[in-house]
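Here the structure is laid out as structure tokens; the discussion comes afterwards.
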């Protein structure tokens, strides 16, 4: 599967993750499924990691509910979540895989292991708790379009 995100959203995610480091930053992604089967991220939500640790995250449930309400109000679909790995590569840890329970979600992981070269990757995780299957999704960071008219 192909998933797209705007450069400005990637930059904002990176800033947010750097501000919270060494804790993991987290949030949700919303957007639209395209006719060709790809997904377009239209909005990134920056939520609180209630665990306040660099090893895992738990999204604040009240903030998550508010984000889902906002998605509905804007006509967007929940596409998945994102979180940072302040010190490790951009790939799902064993815990990330264990906690991935939505086979329809995209899981984005932003690594700050190389501070000057943040790495963002998207993954699809499915299967039973005993046998999770991880597949890397094609992630495309789109340059900003001057004619898009978006005010975000």
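Scan region 76-92 residue by residue and report those that are over 13 Å from the mean Cα position of the chain (by Cα) and either within 22 Å of residue 43 (Cβ to Cβ) or touching a residue at least 40 places away in the same chain (Cβ under 8 Å) (or both).
Within region 76-92, 76, 77, 86, 87 qualify.
Restricting to strands (runs of 3 or more DSSP E) lying wholly in region 102-142: which have 3 or more residues that are within 17 Å of residue 46 (Cα to Cα) and either under 15 Å from the mean Cα position of the chain (by Cα) or free of Cβ contacts under 8 Å to residues at least 40 places away in the same chain (or both)?
In region 102-142, 106-111 are the strands (runs of 3 or more DSSP E) which contain 3 or more residues that are within 17 Å of residue 46 (Cα to Cα) and either under 15 Å from the mean Cα position of the chain (by Cα) or free of Cβ contacts under 8 Å to residues at least 40 places away in the same chain (or both).
Being surrounded by 10 or more Cβ atoms within 10 Å (Cβ to Cβ) and at pLDDT 90 or above is the filter here, so list the residues in region 128-152 that pass it.
132, 133, 134, 135, 136, 137, 138, 139, 140, 141, 142
Check residue 37 against each of (1) surrounded by fewer than 17 Cβ atoms within 10 Å (Cβ to Cβ); (2) modelled with pLDDT of 95 or more and name the one condition it does not meet.
For residue 37, the exception is condition (2).
Would you call residue 95 on the phi < 0 side of the Ramachandran plot, modelled with pLDDT of 95 or more and either over 15 Å from the mean Cα position of the chain (by Cα) or not in a loop (DSSP other than H, G, I, E, B) (or both)?
no
If you go through region 80-88 one residue at a time, do you hit one that is over 20 Å from residue 20 (Cβ atoms) and modelled with pLDDT of 95 or more?
Checked against the condition, which is being over 20 Å from residue 20 (Cβ atoms) and modelled with pLDDT of 95 or more, region 80-88 yields no hits at all.
Of everything in region 38-57, what is in contact with a strand residue (DSSP E or B) (Cβ under 8 Å, 6 or more places away or on another chain), outside any strand (DSSP E or B) and touching a residue at least 24 places away in the same chain (Cβ under 8 Å)? Give them in sequence order.
Listed by number, the residues that qualify are 38, 57.
Does residue 21 satisfy being over 12 Å from residue 141 (Cα atoms) and buried (at least 20 other Cβ atoms within 10 Å of the Cβ)?
Spelling it out, it is not the case that residue 21 is over 12 Å from residue 141 (Cα atoms) and buried (at least 20 other Cβ atoms within 10 Å of the Cβ).
Being under 22 Å from residue 125 (Cα atoms), more than 11 Å from the chain's Cα centre (by Cα) and in a strand (DSSP E or B): is that true of residue 24 here?
When the stated conditions are applied, residue 24 does not pass them.
The values are calculated or read from the model by the stated rules, or taken from the named source; none is laboratory data. All figures in this text were calculated on a predicted structure; none of them were measured in a lab. In this analysis, Cβ positions are derived from the backbone assuming ideal geometry, glycine residues included, and neighbour counts consider all displayed protein chains.
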